[in-house]
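> Sharing a structure here in structure tokens format.
Readers should treat all values here as calculations from the given coordinates under stated rules, not as data from a laboratory. None of these values were measured; they are calculated from a predicted model. When we count neighbours, we look across all protein chains shown, and the Cβ atoms used for this are built from the backbone with ideal geometry, even at glycine.
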Amino acid sequence: MLRLFEAIGGFFLYNVNQLGRLGIFLFVSLVSIFKPPYKVSPVIKQIYVIGSLSIFVILFTGAFTGMVLGLQGYNTLKKFGSEGLLGSAVALSLIRELGPVLAALMVTGRAGSAICAEIGIMRISEQIDALECMAIDPHKYIMAPKFLAAVISMPLLTAIFDVIGIFGGYAIGVGLLGANEGAFFSSMYKDVEFDDIYMGLVKSLVFGLLIVWICSAKGYFVHLERGGGFGAEGVSRVTTTAVVLSSVAILVFDYFLTSVLI
Amino acid sequence: MNARPVIQLIDVRKSFGSQEVLRGVNLSVVEGKTTVIVGGSGQGKSLILKHILGLVKPDSGQVLVYGKDLSRISGRELQEIRMNFGVLFQNAALFDSMTVYDNVALPLRERTRLSEEEIRRIVTEKLEMMDLEGSENKYPAQISGGMRKRVGLARALVLNPKIVFFDEPTTGLDVAKSNEIYRVFFRTQSILGYTAVIVSHDVPKILKLADYVALLHQGVIQDCLTPEEFQLSDNPVIKEYVETTMGAIYTSEILEEEDEKDRY
Ligand SMILES: Nc1ncnc2c1ncn2[C@@H]1O[C@H](COP(=O)(O)OP(=O)(O)OP(=O)(O)O)[C@@H](O)[C@H]1O
Ligand SMILES: [Mg+2]
């Protein structure tokens with residue numbers, strides 16, 4: 001019985017501790033962005049790693065998401081005799097919801113895992129200790145460029161996802177199933193407003209932050225993991241957790257952001 | 001000792017779980033001198049360095065660097081203290097996705113405003129000093145263990161630090177190379193006048209370089225003595241260490257000399 005309480009207590013203490021750690025980590029990293037020196041080349045490199053390298057997967061998933069929306073949307077709307085709204089249905093669901101969320105999930109899988117593994121390996125091979133001993137702030141040197149790059153790349157990737165998705169929906173709805181082309185675009189122009197774009201933008205920014213935050217912090221604190229974060233296995237375990245946790249966080253934050261912004 | 005201590009450990013204790021590693025370590029490191037920490041494997045020598053570097057906090061006791069208690073100062077103050085450090089880790093801890101050149105250049109790029117040309121000059125000079133010409137564009141995974149150590153040394157010395165910490169600088173090097181490294185230490189120290197803390201298993205050779213030798217045994221610094229005193233110490237633990245590492249011949253030679261002196 002006592003052991004049960006001990007286990008529960010330990011579990012809560014660990015998680016409260018971890019939450020505090022993650023919070024401080026985010027704060028320190030964000031503050032370090034504003035400390036001089038300001039260097040552009042590391043940020044560009046990270047934009048390449050997080051953004052450019054994700055473009056292909058974003059194009060691919062965006063196209064198929066739009067296509068399936070075209071397919072489903074056309075058949076559903078047809079039942080109500082309102083195929084004319086297909087354009088706005090596809091565009092709104094992509095811009096407000098699916099674009100930011102799916103793009104973020106894709107980036108988590110592609111770049112988030114890479115960030116976590118990279119930083120985790122730096123931690124276990126004492127490279128982060130070495131940085132600290134050289135009086136180089138790891139937050140400034142490693143994390144700040146990643147945060148900046150995520151905030152710059154995520155909205156752009158989301159925009160690409162949205163545009164490709166809309167064309168995918170267009171290709172299936174208009175090209176394959178024969179919905180009216182004029183109605184597709186005119187309903188879209190009429191119904192998509194700045195608020196929708198704004199919502200998508202805010203979401204993509206927040207998701208970008210979430211991904212880098214969770215993935216880099218998990219890697220950074222791999223040595224403090226419960227049950228021991230040792231060596232290659234520790235890094236692999238923490239990378240898996242980071243990806244799952246980021247994905248869950250994205251969906252949870254999506255709900256709350258929607259309820260605030262709607 | 002007229003010189004002031006730059007580093008002081010006062011009754012430092014550290015345990016991991018039930019394992020008591022440091023059981024009240026007291027150590028003073030004198031400015032401008034070389035202090036060598038020796039002792040068996042797994043006794044906690046690297047751990048002492050990590051305490052001084054501020055990477056590990058003691059369970060109790062104090063670690064003072066320039067008179068400041070490392071566990072009571074802010075991150076910024078710690079960073080300021082670390083500006084004076086040059087560190088070689090036991091595993092070298094090179095940045096493994098950067099070339100040898102970039103590894104050595106990193107402190108210059110991040111901490112100074114030197115131009116790339118100037119950085120190139122300094123880095124090339126340090127790499128030459130460590131006999132590493134031609135490996136600039138290799139990655140740490142592509143060079144040998146001994147070479148990695150030397151890259152780590154070049155990186156530690158590149159900013160002309162005031163205090164250097166070398167964790168087993170010559171382990172894994174052949175005799176000629178390690179002699180060369182010792183010559184480099186001697187030369188750079190006489191030019192720069194840095195304080196050195198060296199962990200080494202290379203007894204007796206390291207004693208030539210040392211101003212003070214400290215033996216860590218069973219979680220306690222047995223004594224911190226000059227090399228001569230160390231070899232003649234009455235402390236049974238030090239005596240045994242000296243005998244096992246240098247052989248009975250080494251000590252008896254000195255004893256014979258002493259005996260001869262006594263006779264006259
Ligand atoms: N993070 C840690 N967690 C648990 N135990 C540790 C940790 N770091 C060091 N130890 C323990 O502390 C002891 C001393 O380790 P340390 O690396 O300082 O030894 P050392 O004297 O440098 O040995 P060597 O000469 O082989 O390098 C070891 O027994 C080790 O198991
Ligand atoms: Mg060691």
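> Count the net charge of all other residues whose Cβ sits under 10 Å from the Cβ of A:Ile119, scoring Lys and Arg as +1 and Asp and Glu as -1.
That sum, taken over residues with Cβ under 10 Å, equals +2.
> Is there a simple number for the mean count of other chain Cβ atoms within 10 Å of the Cβ of residues in A:132-144, and what is it?
The shielding value for this peptide is 5.
> Compute the Rg to Rh ratio over chain B from the alpha carbon atoms, using the Kirkwood formula for Rh, and round to two decimal places.
Radius of gyration over Kirkwood radius for chain B works out to 0.99.
> I would also like to ask the following. In degrees from 0 to 90, rounded to the nearest 10, what is the angle of the helix B:236-263 Cα long axis to the longest principal axis of chain B?
60
> Over the Cα atoms of region A:71-179, Rg to Rh with Kirkwood Rh, two decimal places?
1.27
> Still on this model: How big is the equivalent ellipsoid of the protein assembly as shown along its three axes, where each semi-axis is √(5λ) from the Cα gyration tensor, reported in whole Å from largest to smallest?
Each semi-axis is the square root of five times an eigenvalue, giving 60, 25, 18 Å.
> What distance in nm lies between label points placed 7 Å from Cα along the C-beta direction at A:Val31 and A:Ile8?
3.7
> Report, for the protein assembly as shown, the % of DSSP beta bridges that are antiparallel, rounded to 5.
55
> Okay, moving on. Using alpha carbons only, how many degrees (0 to 90, rounded to 10) separate the axis of helix B:175-192 from the longest principal axis of chain B?
So the helix axis and the longest Cα principal axis differ by about 80 degrees.
> At a 4.7 angstrom Cβ threshold, list every cysteine in the protein assembly as shown that has nobody to pair with, or say none.
Those would be A:Cys133, B:Cys224, since no other cysteine Cβ in the protein assembly as shown comes under 4.7 Å of theirs.
> Further, regarding this structure: I need the helices of chain A that pass two filters: whole DSSP H segments spanning 24 Å or more by Cα along the axis, and mean Kyte-Doolittle score no lower than -0.5.
Those that pass (Cα extent of 24 Å or more, hydropathy at least -0.5) are A:2-33, A:55-79, A:144-170, A:194-220, A:231-261.
> In whole angstrom, and with the biggest value first, how far do the Cα coordinates of region A:38-261 range along each principal axis?
68, 38, 32
> Let me ask another. Please compute the modelled spin-label separation between B:Thr245 and B:Thr112, points set 7 Å along Cα→Cβ, answer in nm with one decimal.
3.4
> Based on DSSP H runs of at least 4 residues, each adding -39500 (n - 2.57), what is the mean residue ellipticity at 222 nm of chain A after dividing by all its residues, to the nearest 500 deg cm²/dmol?
Result for chain A, helices only: -25000 deg cm²/dmol.
> Based on the mean of other beta carbon atoms within 10 Å per residue, what is the order of B:89-95, B:37-43, most packed first?
Going by the mean number of other Cβ atoms within 10 Å, highest first, we get B:89-95, B:37-43.
> Before rounding to the nearest 500, sum -39500 (n - 2.57) across all DSSP H runs of length at least 4 in chain B and divide by the residue total; then give [θ] at 222 nm in deg cm²/dmol.
-13000 deg cm²/dmol
> For region A:38-261, how many pairs of lysine residues have a Cα-Cα distance under 28 Å, where the two are 8 or more positions apart or belong to different chains?
Pairs that pass both the separation and distance tests number 16.
> Points 7 angstrom from Cα along the Cβ direction at A:Val151 and A:Val244: gap in nanometres?
Here the answer is 3.1 nm between the modelled labels.
> Now for a different question. Measure out, as a whole number of angstrom, how far apart the alpha-carbon centroids of region A:152-214 and region A:10-28 sit.
Each part reduced to its Cα centre gives a spacing of 36 Å.
> Measuring from centroid to centroid over Cα atoms, what is the spacing of region B:124-179 and region B:83-118 in Å?
For region B:124-179 versus region B:83-118, the Cα centre distance is 12 Å.
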